[in-house]
1. Applying the selection to the stretch 93-132, what residues are closer than 18 Å to Phe223 by Cβ, more than 19 Å from the chain's Cα centre (by Cα) and of a type outside the set (A, V, I, L, M, F, W, C)?
2. Look through Arg284, Arg270 and report the one residue that is touching a helix residue (DSSP H, G or I) at 6+ places or on another chain (Cβ under 7 Å), touching a residue at least 24 places away in the same chain (Cβ under 8 Å) and of a type in the set (Lys, Arg).
3. Name the residue that is surrounded by the fewest Cβ atoms within 10 Å (Cβ to Cβ), counting only residues in the stretch 286-301 that are under 26 Å from Thr356 (Cα atoms) and charged (D, E, K, R).
4. Considering each residue of the stretch 193-237, count those that are among the charged types (D, E, K, R), open to solvent by 10 Å² or more (accessible area, probe 1.4 Å) and under 21 Å from Tyr329 (Cα atoms), and give that number.
5. Under the condition of being open to solvent by 10 Å² or more (accessible area, probe 1.4 Å) and of a type in the set (Lys, Arg), which residue from the stretch 238-257 is farthest from Phe307 (Cα to Cα)?
6. Output the residue which, of all residues in the stretch 101-141 that are charged (D, E, K, R) and outside any helix (DSSP H, G or I), is most open to solvent (accessible area, probe 1.4 Å).
7. So how many residues does the stretch 258-269 have that are over 14 Å from Met317 (Cβ atoms), of a type outside the set (Asp, Glu) and open to solvent by 10 Å² or more (accessible area, probe 1.4 Å)?
Amino acid sequence: MNGFNGNNFGEGDGAKGVNGFSGNGVNGHNLHSGHGNGGGNGSRSPRRALITGITGQDGSYLAELLLAKGYEVHGLIRRSSTFSTGRIDHIYDDPHWENANLRLHYGDLTDSTGLRRIIEEVEPHEVYNLGAQSHVRVSFDQPEYTADVVATGTLRLFEAIRDYIAISRNSPKIYQACSSEMFGSSSPPQNEQTPFHPRSPYAVSKVAGYHYGVNYREAYGLFISNGILFNHESPRRGGTFVTRKITRALTRIKLGLQETLFLGNLDAKRDWGFAGDYVEAMWRMLQHDRPDDFVVATGETHSVREFLEEAANVLEMDWERVVEFDPRYLRPAEVDALLGDASKIRETLGWTPTVTFSGLVRMMVEHDLNLAEREQVLADAGHVMRRQASGDE
């Protein structure tokens with residue numbers, strides 16, 4: 001699969017699957033499709049949050065955070081014939097349980113009628129729009145689809161919320177997931193005042209979503225905060241994104257389960273942070289007394305080559321012996337360097353990252369080494385393992 005997707009840095013990964021929702025029912029459980037025990041505003045005391053892209057990396061960490069804070073969490077997932085809810089299985093409860101605080105709804109950013117219905121059912125206090133086709137390289141192959149989900153999908157959601165406000169007494173706060181890819185070829189460091197110069201259909205679509213947020217904030221008074229998140233990773237990052245591709249492949253190579261890792265541009269530089277830190281920033285934006293736009297970043301930049309070296313050092317490997325260049329992984333238009341200036345969110349909301357670059361790499365390597373060791377047990381027991389060339393899942 002990675003042979004198709006190539007190097008992807010990606011900030012969002014709201015959900016790796018199609019339409020930004022990457023999922024279906026959780027291991028056969030029924031989905032919540034109405035008020036159920038939640039009822040209307042009169043019978044529901046916890047704060048309610050609706051998350052698009054809940055099955056993705058960011059959505060799963062955000063759901064954990066909100067549940068820990070006592071929220072009732074609702075997530076949109078796309079109907080699929082395969083299970084893609086592994087990131088939230090550990091926090092999912094049977095909806096028949098009276099105290100279940102995580103509920104899932106079939107929905108899609110391309111379906112405005114469905115969005116309206118779900119918003120009216122959930123009656124959310126906060127909406128986090130994380131859903132997207134978030135793979136930059138794939139956006140060159142599917143530009144129209146990417147625009148429909150990432151750009152127009154955002155507009156559909158805002159319109160659905162605007163209609164809901166008109167017929168209810170609720171005015172939910174909205175978090176719009178933006179991306180450092182929007183800066184494109186603008187010189188680093190980049191902050192809230194840096195001009196956008198997007199270099200991919202994904203980035204162009206994110207710029208549209210950003211401006212929809214600003215426009216609906218100014219035109220209709222909606223509480224919409226744009227979070228311009230720089231690259232953020234974790235052990236839950238999808239296997240087609242370059243950081244996870246590296247840690248999965250190197251750990252498998254270390255144990256003899258794979259021979260080669262194919263990559264594209266090793267000189268591209270990114271500001272990498274930990275996704276668990278970044279969802280805290282999302283939440284803080286909606287606790288602020290007014291909507292605004294915030295860059296979320298670590299203030300450090302590292303190349304793909306540096307990430308490789310750091311991961312290989314943890315494993316005590318020589319990565320140059322096992323990595324090969326493949327031009328298929330190059331983007332038609334590259335973003336050379338991203339480096340975020342997060343002074344505004346630090347000074348306004350008190351947010352700072354807690355995980356260092358080296359700590360992040362080690363976290364991902366140790367997680368994937370554990371996966372590789374489990375895979376090796378199966379291989380040693382005679383199970384035929386699918387040959388992997390790039391560390392995909």
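The values are calculated or read from the model by the stated rules, or taken from the named source; none is laboratory data. The shown structure was predicted, so the numbers you read here are calculated from the model rather than taken from an experiment. Don't worry about glycine lacking a Cβ; one is built from the backbone with ideal geometry, like all the others, and counts go over all protein chains shown. We work out accessible area using only protein heavy atoms, side chains counted, and drop any ligands, DNA or RNA first. Shrake-Rupley method; radii C 1.70, N 1.55, O 1.52, S 1.80 Å.
1. Glu123, Pro124, His125
2. Values: Arg270 fails: touching a helix residue (DSSP H, G or I) at 6+ places or on another chain (Cβ under 7 Å).
The conditions single out Arg284.
3. The qualifying residue surrounded by the fewest Cβ atoms within 10 Å (Cβ to Cβ) is Glu300.
4. 1
5. In the first step, residues of the stretch 238-257 are kept if they are open to solvent by 10 Å² or more (accessible area, probe 1.4 Å); the result is 248, 253-257.
Then keep just the ones that are of a type in the set (Lys, Arg); that gives 248, 254.
Values: Arg248: 13, Lys254: 17 Å.
The extreme case among them is Lys254.
6. At the first step, the residues of the stretch 101-141 found to be charged (D, E, K, R) are 103, 108, 111, 116-117, 120-121, 123, 126, 137, 141.
Retained after the next criterion (residues that are outside any helix (DSSP H, G or I)): 103, 108, 111, 123, 126.
On the way: Arg103: 8, Asp108: 22, Asp111: 69, Glu123: 33, Glu126: 1 Å².
Taking the candidates together, the pick is Asp111.
7. Going residue by residue through the stretch 258-269, those that are over 14 Å from Met317 (Cβ atoms) are 262-269.
If we keep only those that are of a type outside the set (Asp, Glu) as well, we get 262-266, 268-269.
From the residues that got through so far, the ones that are open to solvent by 10 Å² or more (accessible area, probe 1.4 Å) too are 262, 265-266, 269.
Summing the residues that are over 14 Å from Met317 (Cβ atoms), of a type outside the set (Asp, Glu) and open to solvent by 10 Å² or more (accessible area, probe 1.4 Å) in the stretch 258-269 gives 4.
Conditions (1) touching a strand residue (DSSP E or B) at 6+ places or on another chain (Cβ under 8 Å); (2) free of Cβ contacts under 8 Å to residues at least 24 places away in the same chain, marked per residue:
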| residue | (1), (2) |
| --- | --- |
| Glu181 | no, no |
| Pro198 | no, yes |
| Ala208 | no, no |
| Val214 | yes, no |
| Arg244 | yes, no |
| Arg248 | no, no |
| Leu255 | no, no |
